[in-house]
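S.K.: Here's a structure for you.
No value in this document is a laboratory result; all are computed from the given coordinates. Remember, it's a predicted structure, so these values are computed and weren't measured experimentally. Cβ: placed from backbone, ideal geometry, glycine included. Neighbour counts: every protein chain shown.
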Amino acid sequence: MESDSKINQEMKAQLAELKRAYEQVKLKLHLAGMDVRDAWKSVEPRIDDLENRLVSAGKDAARELASSFDQLGAALKKLGAEIEKRTRDRD
């Protein structure tokens with residue numbers, strides 16, 4: 001069984017990775033169309049929510065957050081790919 005400290009470190013590492021993906025997508029966003037911007041608006045608040053939940057989470061809650069990390073990571077990857085596709089299509 002993993003210690004609370006190790007679980008917390010893993011969650012912080014996952015949050016850092018999500019934040020890096022978030023920043024990459026944010027930089028590309030200015031080139032995107034309105035529909036992609038709307039999708040971004042639905043993803044953006046989820047980063048802050050996960051961070052706040054992680055700070056207040058205990059061991060059990062941290063495990064539950066792992067699913068949220070996975071879902072948000074997938075949403076950010078999908079949005080990033082859509083932005084890149086639209087950027088390439090414009091060129």
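S.K.: Rank the residues Leu72, Leu29 as a footprinting-exposure proxy: fewest other Cβ atoms within 10 Å of their Cβ go first. Could the numbers behind the result be given before it?
M.R.: On the way: Leu72 21, Leu29 16.
Final ranking by Cβ density, sparse to dense: Leu29, Leu72.
S.K.: Rounded to two decimals, what is Rg over Rh for the chain when you use alpha-carbon atoms and the Kirkwood radius?
M.R.: Numbers: Rg = 15.0 Å, Rh = 14.0 Å.
Rounded to two decimals, Rg/Rh equals 1.07.
S.K.: In whole percent, what relative contact order does segment 4-90 give with Cα contacts below 8 Å and a gap of six or more residues? Mind dumping the intermediate values first?
M.R.: Details: 59 pairs, mean separation 42.9, N = 87.
Rounded, it is 49 percent for segment 4-90.
S.K.: With axes computed from alpha carbons, what is the tilt in degrees of helix 59-90 against the longest principal axis of the chain, rounded to the nearest 10 within 0 to 90?
M.R.: 10
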